[in-house]
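Shown next, in structure tokens, is the structure this report addresses.
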């Protein structure tokens, strides 16, 4: 049995029709596409981090420290565009989702393998366009990642190319979502009932719907920016009868749901990790599955809470503020279910669980500060201050990115067939967690003190907070380097990990590590639920 | 072990319908703008709407509806195994698409000839509501025209696939999905036509 299994080529070795690099960039294997996405998004993450570090360095003292105002404007715009559109939105679904969704469903591939490849190529096209926008024309875009009118219509920097890049990235995201929805409906093994889909799949399902339904609005919005800049139609220009606030509405109709595209898959990852390391069935399977859909639905109705100070009517402000509070309910349902799963579990503190716990802690701070900005009265005070910057990074870096790191540490042995050094991984996690709070907590305080966001200069009384935050950015950088170095060493020199190092119960752990090209050597059998750990330890002893 | 090459018919349809949702929402953003500005400038929209040529619009509506009919017939023809008829009907659909675009070209050309195009001096002298009306007119019919153009290319591609027997009476989902796309393009026009030519 073992000898015949070891002869099956893994997806890393099985090149298929092409050879060399072409066996990767023209592959239709969901795992190889997942790896392409994983390496692409992590590279862009590194670029975004470097720009973030430079911004923090600039802010270590008042006045111009390393760059001037215009360069700083380009920094925060490019940091935002890269991190949001090139890293966070595709991050978990396109990399870990592509790698594991089909295997968790017991399928050979996604529903549309060629469209999957097209989606990666569109991603690369969008990436190239955005890079072009940085280095050609009259300078990198300086509008902020929101491209607000009227400034974005009149700035002479290279906004045209950047918005086309964003349009194409949106197309790529839509195709991933469309593919996953169809895959979950059509490709799962016939005996797998809806309530037997791993919850990671449910979170990708909810995410897929947001991607399909919200992203086209971003598409038309950035196209309108392009058309306004080239033809001057005036749909958002008050001099020609247009209304700039309408732009903000259109932009946030996508961009608020987009934060759920970012965070819901991370919630799915956390939901996979927690029961495995608590050795307990997930608490409230149906509630967690439905809360993903609940977040997707309610999250689509709250966009105008970004616009409380834009001059909307008070009625609109009240309604959107109320709806914003509603989103907290499904999010809290998830948090309580995770905590209930941990309660009286036999908890094993391995690195993936540490990241999941960090997610719960940091995302809770992010979520609760979200209620401060979501309630109309307090928002007037903290709108466009560092409080918003802190809140956002607590949810997206503390949430999505920690969730992704947790997923990387959880699925690493399955992807590479080897195990990283767990002690170093734990140390790196500790440094990251401390550095994260040193970096972002002062921002919440600075914001309440009144420090506006997007300023490259500030009054002396804000300096202490900025210095602490900048030091925090260095600690985070050290943690990131150590974490990635440890994973890299694991790929090169790690111990063989075996089929199921965490004794998990979902289907990807029943196949060899790394999985073969068609995922399973024999037809997979659904012998247990995704969180049913009874007797799993015994199985692994006899392998 | 070889890949299972049998196609998932329902899966292909689900994928297409999801894509159609995205198209509806893409235009949805523009319909939102239209409704807000109609509410804000009802009189200017009324006056500007009078200047559009209802005969051009009606002709184009008939052309597009007929093309949807021939598209639907071509699917049935292929399902019944009549490859030749299917190809003739697809060609008719494509020709009607070109007639639509030519008509649109004449209509736009006449407007541009009168100095009414985005950012033109003549247009900028008019009331703000009319600037917005014509702005929306060009953006929405322009985006729709682009979809007609893309649609006719797709029809051309499936026509070639049918000719090469890559799409057949037992595996006709490509033609059916093209038909779905074409009906969507048609349907968007069914909303654009009254909004610009009739109700204002």
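Key figures for this structure:
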item: The stretch A:415-429 and the stretch A:226-252: distance between their alpha carbon centers, rounded to Å; result: 50 Å
item: Geometric extent, Cα atoms of the stretch A:195-337 - Rg, Dmax (angstrom); result: 18.5, 64
item: Gyration tensor over alpha-carbon atoms, chain A, equivalent ellipsoid semi-axes in Å; result: 38, 25, 23
item: Residue-averaged beta-carbon neighbours from other chains (10 angstrom radius) around A:216-224; result: 5
item: Order of B:184, B:64 under a 10 Å beta carbon neighbour criterion, fewest first; result: B:184, B:64
item: In degrees, nearest ten, helix B:54-79 long axis to first principal axis of chain B (Cα); result: 10 degrees
item: Square roots of five times the Cα gyration tensor eigenvalues for the stretch A:341-410, Å; result: 30, 13, 6
item: The stretch B:55-76-the stretch A:116-181 distance, computed between alpha-carbon centres (Å); result: 36 Å
item: Theoretical ellipticity at 222 nm over chain B - DSSP helices of four or more residues, -39500 (n - 2.57) apiece, nearest 500; result: -28000 deg cm²/dmol
item: Kirkwood hydrodynamic radius of the stretch B:1-92, from inverse mean 1/r over distinct Cα pairs, in Å; result: 17.6 Å
item: Taking the convex hull of Cα positions in chain B, its mean projected area over all directions (nm²); result: 12.8 nm²
item: Convex hull per residue volume in Å³, alpha carbons only, for the stretch A:391-492; result: 92 Å³
item: Kirkwood Rh and Cα Rg combined as Rg over Rh, evaluated for the stretch A:1-107; result: 1.21
item: Nitroxide proxy distance, nm - points 7 Å out along Cα→Cβ at residue B:66 and residue A:423; result: 8.2 nm
item: Compactness index (Cα Rg / 2.2 N^0.38 Å), the stretch A:199-274; result: 1.47
item: Shielding of A:205-215 by partner chains, average beta-carbon count, 10 Å; result: 2
item: Extended-chain gain in nm, criterion 0.36 nm per residue less alpha-carbon gap, residue A:18 and residue A:380; result: 124.5 nm
item: Potential extension, residue A:42-residue A:25 segment - 0.36 nm per residue separation minus Cα distance; result: 4.4 nm
item: Peptide ranges B:29-39, B:105-115, B:90-100, A:174-184 listed from the most packed, as the mean C-beta count within 10 angstrom indicates; result: A:174-184, B:90-100, B:29-39, B:105-115
item: Within the stretch A:496-536: backbone nitrogen closer than 12 Å to the residue A:193 label point (7 Å, Cα to C-beta); result: A:529
item: Nitroxide proxy distance, nm - points 7 Å out along Cα→Cβ at residue B:150 and residue B:168; result: 3.1 nm
item: Theoretical ellipticity at 222 nm over chain A - DSSP helices of four or more residues, -39500 (n - 2.57) apiece, nearest 500; result: -21500 deg cm²/dmol
item: Sites residue B:40 and residue A:231, calculated FRET efficiency, Cβ-Cβ separation with R0 22 Å, nearest 0.05; result: 0.55
item: Viscosity 1.306 mPa s, temperature 10 °C, Stokes-Einstein D of the stretch A:443-482 from Kirkwood C-alpha radius, µm²/s; result: 142 µm²/s
item: Two-site FRET efficiency, residue B:113 against residue A:344, from Cβ-Cβ distance with R₀ of 56 Å, rounded to 0.05; result: 0.10
item: On Cα atoms only, tilt of A:402-416 relative to the major axis of chain A in degrees; result: 30 degrees
item: Cα-based equivalent ellipsoid, the stretch A:74-142: semi-axes from gyration tensor eigenvalues, Å; result: 32, 13, 5
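Each value in this text was obtained by applying a stated rule to the coordinates, not by laboratory testing. Note that this is a predicted model, so its numbers are computed, not measured. Please note: Cβ atoms are built from the backbone with ideal geometry, for glycine as well, and neighbour counts cover all protein chains shown.
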